[in-house]
1. If a residue has to be within 15 Å of ligand 2 (Cβ to nearest atom) and open to solvent by 30 Å² or more (accessible area, probe 1.4 Å) to count, how many in the stretch 95-127 make the cut?
2. Which of the following residues is in contact with a helix residue (DSSP H, G or I) (Cβ under 7 Å, 6 or more places away or on another chain) and closer than 20 Å to Arg416 by Cβ: Ala491, Ala505?
3. Select from the stretch 348-388 the residues that are in a loop (DSSP other than H, G, I, E, B), within 16 Å of ligand 1 (Cβ to nearest atom), of a type in the set (A, V, I, L, M) and surrounded by 14 or more Cβ atoms within 10 Å (Cβ to Cβ) and list them in ascending order.
4. Only residues that are closer than 25 Å to Leu515 by Cβ and either within 16 Å of ligand 2 (Cβ to nearest atom) or in contact with a His (Cβ under 8 Å, 6 or more places away or on another chain) (or both): list them for the stretch 413-436, please.
5. Out of curiosity, is Leu313 in a helix (DSSP H, G or I) and in contact with a helix residue (DSSP H, G or I) (Cβ under 8 Å, 6 or more places away or on another chain)?
6. Looking only at the stretch 448-464, which residues are touching a Leu at 6+ places or on another chain (Cβ under 8 Å) and open to solvent by 40 Å² or more (accessible area, probe 1.4 Å)?
7. Any idea which of Ala491, Ala505, Ala461, Ala483 is over 28 Å from Ser245 (Cβ atoms) and of a type outside the set (Lys, Arg)?
8. Being closer than 27 Å to Met88 by Cβ, touching a helix residue (DSSP H, G or I) at 6+ places or on another chain (Cβ under 9 Å) and of a type outside the set (A, V, I, L, M, F, W, C) is the filter here; which residues of the stretch 277-308 pass it?
Amino acid sequence: MIPFDDAHRAVHYPPDRRLRIWIRPSALVILIVLVLVPLLLAWTQAALFGMPYIAPSSASIEGALSGPHGFPVWIRWTHFFNMFFLFMLMRSGLSILMDHPRLYLNDNCTPGSEWLRFTPLKVPTDKVWTAKQDARYLSPIVSTPGYRHTVGIARAWHFITVYGFVFTGFFFVCGLLTSDQWMRLVPTSTTVFVDAWNTFVHYANFHFPPEPNGFYGYNALQQLAYFATVFVMAPLSIMTGMAMSPALVNRWPRYAKLFGGRQCARSIHFLMLVGFACFVVVHVTLIAMTGLRRNMNHIVLGVDDMQWTGLVLGLIGIAVVVLSWVAAHYISWYFPRGLQHAERTITEPVRLITLDSLIPQQTYTRDQISPHFWPNGNIPIREDWKQMEANGFKDFRLKVGGLVENPVELSLDDMRALEEEETITMHHCIQGWSGIAEWRGLSLRKLIEHVKPKPGAHVLAFYSFGNSLYGGTYYDTQNMENAMKPQAMLAFDMNGAPLTGVYGAPLRLRVENQLGYKMVKWIERIEFVESIELLGKGEGGSNEDDEYFDLIPNI
Ligand SMILES: Nc1nc2c(c(=O)[nH]1)N[C@H]1C(S)=C(S)[C@@H](COP(=O)(O)O)O[C@H]1N2
Ligand SMILES: [Mo]
């Protein structure tokens, strides 16, 4: 186990580690109906008419002349890599999920409106309850890296391995389509549905249908299940994953609407995880029950016989996958910085030319404003901030300095006079929740033009009155290009009234193409600098320094 220092212990080992799964009764009813109705029909059919007859498929005639024979080497290796990457994605996905352990079908994430939650707690209404407090604990045995508040590292694993998953899938589908192997997975006749149902009736009654030899082809239900996994679940996972990107959704809100909205996309993403997990259980069970040794020789060695080698090598392959989880655990805790940089190196070039170049253009309306907006962050405890707050921030002066020709100190009225701008946008927190609010403030572009950055100024650093999770001033940075984008602003009003203490008074940042932690609240001063390396631990912000978050999180 990992020896934590006190600060990490306090964050990662909360006193309350209970895990509760609560599901909305109506969702439970739907779930039960979806499972029970087919079972009841299958049982009734078998009781009344006996087990249905299933015609032997040509594939079950061993050595049939047409159709794919056996498993070529590219299928056997893509099968292994798919298992490797899929498990990494599922385990890191669980860690990400636990940082906001509630699933909704509405983009407001109003507490109480969730259909599924993994926490025993109800959101208190008599005190501030931040999204960070709401996060839950998960054991590293089932998730990567596990423990509470590990979303940064979990995302590093998720985004590194997703490349492997997508590439493996792409390679596999190309292989299918350029050979005759596609015939294994793609049904070519409508009788497949009748045959699949009849096969299901057999399984539902704990009876094995006549099984074709998988070396030559699959039974109809198996074919449909594999088809759905490859051609429905995998693409849907990828597409709903993208629908959670702030840059993408803020550029094309209609993309998220395809899935019923941003939170529906998150729920579907989770249901796909459940689907993959169920698939793995059923797949492994049936592999074992229909001739383990022979089946393992098929997929590991590509031969159809009864030797032991396939099983032994297959078990070694599974051991490698399990060892990768152990390795990931230790890498996460002993080399988190290396991992963070590896993820940055791999994904940043792709993000810079794709998501980062998208221009936010949201047009939500007032009636879409969320009734509840989850708060986050530590409210400042500094005396000077408290005194200013008591005084309505009349004495507040935003200091803008560093590499600028015209350093300024601006009061809230000065900023209003400079130019006011208004947007209604959707906020995306790294934890998974979202919310829509109206913001009024001074556009960053205007401020930048006003202070005239010197040629070497590439980065804007925003410093807060408040502290970060591990103590020390909360800060974050924006590069000049993103700061100049539309809708990037220093907000002083939220939903038509001055910012309140909880939501970042007197001033907070809005950058709509990125995640919430980039939007520093309770801003005290802004500094123009040459590079992020000169600040803090050099990663670009408090969360980047201490929690290994991304520098430009547009997904
Ligand atoms: N100073 C400071 N600003 C902060 C944070 C913080 O902890 N401290 N949390 C960030 C995170 S993680 C989010 S999601 C948003 C939340 O803004 P809200 O409280 O208005 O929802 O604030 C961001 N700004
Ligand atoms: Mo956040």
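The values are calculated or read from the model by the stated rules, or taken from the named source; none is laboratory data. Owing to the predicted nature of the structure, the values given are computational and were not obtained by experimental measurement. Don't worry about glycine lacking a Cβ; one is built from the backbone with ideal geometry, like all the others, and counts go over all protein chains shown. To get the accessible areas, we keep the full protein, side chains included, count just its heavy atoms, and leave off ligands, DNA and RNA. Shrake-Rupley method; radii C 1.70, N 1.55, O 1.52, S 1.80 Å.
1. 1
2. Working: Ala491 fails: in contact with a helix residue (DSSP H, G or I) (Cβ under 7 Å, 6 or more places away or on another chain).
Ala505 is the lone residue from the list that is in contact with a helix residue (DSSP H, G or I) (Cβ under 7 Å, 6 or more places away or on another chain) and closer than 20 Å to Arg416 by Cβ.
3. Residues satisfying the conditions are Ile369, Ile379.
4. The answer is Thr425, Met426, His427, His428, Cys429, Ile430, Gln431, Gly432, Trp433, Ser434, Gly435, Ile436.
5. On the way: in a helix (DSSP H, G or I): yes; in contact with a helix residue (DSSP H, G or I) (Cβ under 8 Å, 6 or more places away or on another chain): yes.
Taking the combined requirement at face value, the residue satisfies it.
6. Correct list: His450, Pro453, Lys454.
7. Working: Ala491 fails: over 28 Å from Ser245 (Cβ atoms); Ala461 fails: over 28 Å from Ser245 (Cβ atoms); Ala483 fails: over 28 Å from Ser245 (Cβ atoms).
None of the other options fit; the residue is Ala505.
8. Of the residues in the stretch 277-308, the ones closer than 27 Å to Met88 by Cβ are 277-288, 292, 295-302.
So of that shortlist, the ones also touching a helix residue (DSSP H, G or I) at 6+ places or on another chain (Cβ under 9 Å) come out as 277, 279-280, 282-283, 286-288, 292, 295-302.
The answer is His283, Asn295, Asn297, His298, Gly302.
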